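See below for the structure under consideration.
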Amino acid sequence: MAYIYPNQRRIIIPAPQFIHQRTLIPPVGFPPASFAAINPNFRPEVLVPNTPPVFAPVGFGLDPSLFIQMDQGRTQSLIQFMSTEGLVPSQEEEEKRKEAITKLKQIVLAWIKRVAWQRRLPKNEIKITGATILTYGSYGLGVHGSESDIDALCIVPFYATMAEDFFIVLRNMLQSRPEVSEIHCVKTAKVPLMRFKFNGISIDLPYAQLPLLSVPDNVDIFNPFLLQQLDETTMRSLSGVCANICICQLVPNLENFQSMLRCVKLWARRRGIYSNLFGFFGGIHLAILAAYVCQRHPNASISALISGFFETFYSWNWRKPVILQGVRLPMVREVSDGRGFMPIMMPCIPYGYCNSNITRGTSEKIMAEFRRGHRMTWNIGRPDFEWSCLFEPFPYTKMYTHFVRILLATSDGDELQDWSGWVKSRIRGLILKLEEMQGFCDPNPTEYVDHDVAEPNTVFYWGLSPNGSHIDIDLVRACFLESVNNGYQGSKGRLELSIVESSQLPKNAQFDSGRSGKGTKASWRILDYSQRRKPVYTRHLPFYFVGYAAADRGDYPSSGG
């Protein structure tokens, strides 16, 4: 039976059901045997009623059968839109990614046996020892696109060190492979990792160490015995994998969740609010928000879930965090250091708020986009509705008359990646300074190239409020340069800040396309120029050479990510 409330422009279809809270849904990229209950003490063996109704906004006086028919048509048009946009990779692209992960696992297995031999472990232990790779992020959730990178966590036994074995031995083994190129290392970030391309696919490879002699493919990373012995770095590295598993366990319909999240991520990219570095949502934020809506409306169609997404968060009271149902949290301290805008709780250990760079100004833009989405999707009876309208690129050139132009340039492309990665890791300070001076700025995450500049370069154009032309840009530049220069030990590039009018924007930059530009991850390379390399010998075998490390070059500070 359905209930129509004309004064609220809603149709309510009660959907009482029971969900067994120990039911586990294996996420993409993990063997089924690797899953255990997140915390058995919090998930009793009982059937719990799940009562939130499935709803979708409709026009006045719409009967249930017509609503269902219209919702089905709207869902089919959304599926067609997803296909047209290429949101789901082809089978050939999927096989290429699976092959990359398989080969990477083989390399890691050969590497850990070599490390075990260096540690002089008995032959029988060397034979059975192992390390593994667990995917997470968009690939682990099964919502990656054809150009998405792969987040792959390398989990190793207790005797494999990060400084020597991971960043030197494994790195040199990868460097020697013909499939591997463009290796970069981030050694002192909160989540240490290597970043490289494997047959053209970008891979982020963090490191985690477990108190085990051998790490099997089906390792139970929720085992309380293991969790009690982990250091802080490993806990942070594991959090992405744990979050993926928990989200996939907690959503009632994994396939609908994946389709919805693909659409939500496309919407966020097109509207310029998808980049944690630049003060907007990151992938984990959007995944938890999408999962929350799926939990509230377990029987809803993909179309209704998208409508429910905007219905839920355009009116959300952001003084309280978004917390997934089924997650029983310990006491969590309040967010400090001014990062309390739009708090979203991680669904797993280590419990806490998702790392966020959202500011007052960027939160205002996010809320404006929630309102726009709700305004466009609430009425299922609109005869002129087209999904493409929801995903139209944000019209920067129509919205703003003045922009901050940020130019980063170096003498060669390799140095540019180092320099731009470092500057982007400090970009939040620039956003806050501009907000302090003029109340608002819109930090467009898209990266452009100025073809009139001879050197390799990256350019950003950030929208300003109408009084943006009166900013003391010299003061802003001085403050930002002080932040950027503090601690940087590489070869410094050129950094220019200026105010430009919309009429001065380059014609070839396609500001409103929503498709141009590169990613915005911060990264740094460890340079291995021959004159700056030094040989490294293991401490465990006299005079045994393990590889080269950069000499006289300090590690870069953390990006805070």
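The values are calculated or read from the model by the stated rules, or taken from the named source; none is laboratory data. The shown structure was predicted, so the numbers you read here are calculated from the model rather than taken from an experiment. Glycine gets a Cβ as well: all are built from the backbone with ideal geometry, and neighbour counts include every protein chain shown. Keep in mind that these areas ignore ligands, DNA and RNA; they rest on the heavy atoms of the full protein, side chains included. Shrake-Rupley method; radii C 1.70, N 1.55, O 1.52, S 1.80 Å.
Let's see how each residue does on (1) at pLDDT 95 or above; (2) closer than 30 Å to I431 by Cβ; (3) open to solvent by 50 Å² or more (accessible area, probe 1.4 Å):
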{"position": "H285", "(1), (2), (3)": "yes, yes, no"}
{"position": "Y292", "(1), (2), (3)": "yes, yes, no"}
{"position": "G308", "(1), (2), (3)": "yes, no, no"}
{"position": "I323", "(1), (2), (3)": "no, yes, yes"}
{"position": "F341", "(1), (2), (3)": "no, yes, yes"}
{"position": "M346", "(1), (2), (3)": "no, yes, no"}
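From G145, G61, G137, grab the single residue that is on the phi > 0 side of the Ramachandran plot and modelled with pLDDT under 90.
G61
Yes or no, residue by residue, for (1) closer than 23 Å to N357 by Cα; (2) in contact (Cβ under 8 Å) with a residue 24 or more places away in the chain; (3) in contact with a Ser or Thr (Cβ under 6 Å, 6 or more places away or on another chain); (4) of a type in the set (D, E):
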{"position": "D450", "(1), (2), (3), (4)": "no, yes, no, yes"}
{"position": "N467", "(1), (2), (3), (4)": "no, yes, no, no"}
{"position": "D474", "(1), (2), (3), (4)": "no, no, no, yes"}
{"position": "C479", "(1), (2), (3), (4)": "yes, yes, no, no"}
{"position": "V484", "(1), (2), (3), (4)": "yes, yes, no, no"}
{"position": "Q489", "(1), (2), (3), (4)": "no, yes, no, no"}
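Give the residues of the stretch 421-472 that are modelled with pLDDT under 90, closer than 25 Å to K190 by Cα and either in contact with a strand residue (DSSP E or B) (Cβ under 6 Å, 6 or more places away or on another chain) or not polar (S, T, N, Q) (or both), sorted by residue number.
G421, W422
Restricting attention to the stretch 448-470, report how many residues are of a type in the set (V, I, T) and more than 12 Å from R405 (Cβ to Cβ).
Matching residues across the stretch 448-470 total 1.
Where the second residue is assigned to a helix (DSSP H, G or I) and among the small types (G, A, S) and the first is within 17 Å of C154 (Cβ to Cβ) and lies in the stretch 234-251, which pairs have Cβ atoms under 6 Å and are six or more apart or on separate chains?
What qualifies is N244/G140.
Return the total of residues in the stretch 353-378 being open to solvent by 30 Å² or more (accessible area, probe 1.4 Å) and in a loop (DSSP other than H, G, I, E, B).
2
Yes/no matrix, rows are residues, columns are (1) of a type in the set (V, I, T); (2) more than 17 Å from L153 (Cα to Cα); (3) modelled with pLDDT of 95 or more:
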{"residue": "D231", "(1), (2), (3)": "no, no, no"}
{"residue": "L254", "(1), (2), (3)": "no, yes, yes"}
{"residue": "W267", "(1), (2), (3)": "no, yes, yes"}
{"residue": "I273", "(1), (2), (3)": "yes, yes, yes"}
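Specify the residue that is most open to solvent (accessible area, probe 1.4 Å); the eligible residues are those in the stretch 83-112 that are in a helix (DSSP H, G or I), hydrophobic (A, V, I, L, M, F, W, C) and touching a residue at least 24 places away in the same chain (Cβ under 8 Å).
A110
Which residue pairs have Cβ atoms under 6 Å apart, sit 6 or more places apart or on different chains, and have a first residue in the stretch 378-390 that is farther than 16 Å from Q76 by Cα and in contact (Cβ under 8 Å) with a residue 24 or more places away in the chain and a second that is open to solvent by less than 30 Å² (accessible area, probe 1.4 Å) and outside any helix (DSSP H, G or I)?
Here the result reads W378/P57; N379/P57; N379/G59, each pair linking the stretch 378-390 to a residue that is open to solvent by less than 30 Å² (accessible area, probe 1.4 Å) and outside any helix (DSSP H, G or I).
On the basis of being at pLDDT 90 or above and either surrounded by fewer than 17 Cβ atoms within 10 Å (Cβ to Cβ) or over 26 Å from F280 (Cβ atoms) (or both), does L481 make the cut?
Considered against the rule, which asks whether it is at pLDDT 90 or above and either surrounded by fewer than 17 Cβ atoms within 10 Å (Cβ to Cβ) or over 26 Å from F280 (Cβ atoms) (or both), L481 comes out as yes.
Looking at the stretch 476-491, which of its residues are in contact with a helix residue (DSSP H, G or I) (Cβ under 8 Å, 6 or more places away or on another chain) and over 14 Å from K424 (Cα atoms)?
V476, C479, G490, S491
Do the conditions hold for V115, that is, is it at pLDDT 50 or above and crowded, with 19+ Cβ neighbours inside 10 Å?
So V115 fits the description; yes.
Which is over 30 Å from T84 (Cα atoms) and under 29 Å from the mean Cα position of the chain (by Cα), of R426, R375?
Result: R426 is the single residue among R426, R375 that is over 30 Å from T84 (Cα atoms) and under 29 Å from the mean Cα position of the chain (by Cα).
At least 1 residues that are open to solvent by 30 Å² or more (accessible area, probe 1.4 Å) and closer than 24 Å to E99 by Cβ in each: list the helices (runs of 4 or more DSSP H) lying fully within the stretch 164-261 that qualify.
Filter on the stretch 164-261 gives 171-175.
Each row is one residue, and each column tells you yes or no for (1) of a type in the set (A, V, I, L, M); (2) under 30 Å from the mean Cα position of the chain (by Cα); (3) buried (at least 16 other Cβ atoms within 10 Å of the Cβ).
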{"residue": "D442", "(1), (2), (3)": "no, yes, yes"}
{"residue": "E447", "(1), (2), (3)": "no, yes, yes"}
{"residue": "E455", "(1), (2), (3)": "no, no, yes"}
{"residue": "F460", "(1), (2), (3)": "no, yes, yes"}
{"residue": "G463", "(1), (2), (3)": "no, yes, yes"}
{"residue": "N467", "(1), (2), (3)": "no, no, no"}
{"residue": "I473", "(1), (2), (3)": "yes, no, yes"}
{"residue": "R477", "(1), (2), (3)": "no, yes, yes"}
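Suppose we filter the stretch 395-418 for residues that are touching a strand residue (DSSP E or B) at 6+ places or on another chain (Cβ under 6 Å) and not aliphatic (A, V, I, L, M); how many remain?
The qualifying residues number 5.
Which of the following residues is of a type outside the set (G, A, S), surrounded by 17 or more Cβ atoms within 10 Å (Cβ to Cβ) and out of contact with any Cys (no Cβ under 9 Å at 6 or more places or on another chain): L141, L121?
Selected residue: L121, the only one of L141, L121 that is of a type outside the set (G, A, S), surrounded by 17 or more Cβ atoms within 10 Å (Cβ to Cβ) and out of contact with any Cys (no Cβ under 9 Å at 6 or more places or on another chain).
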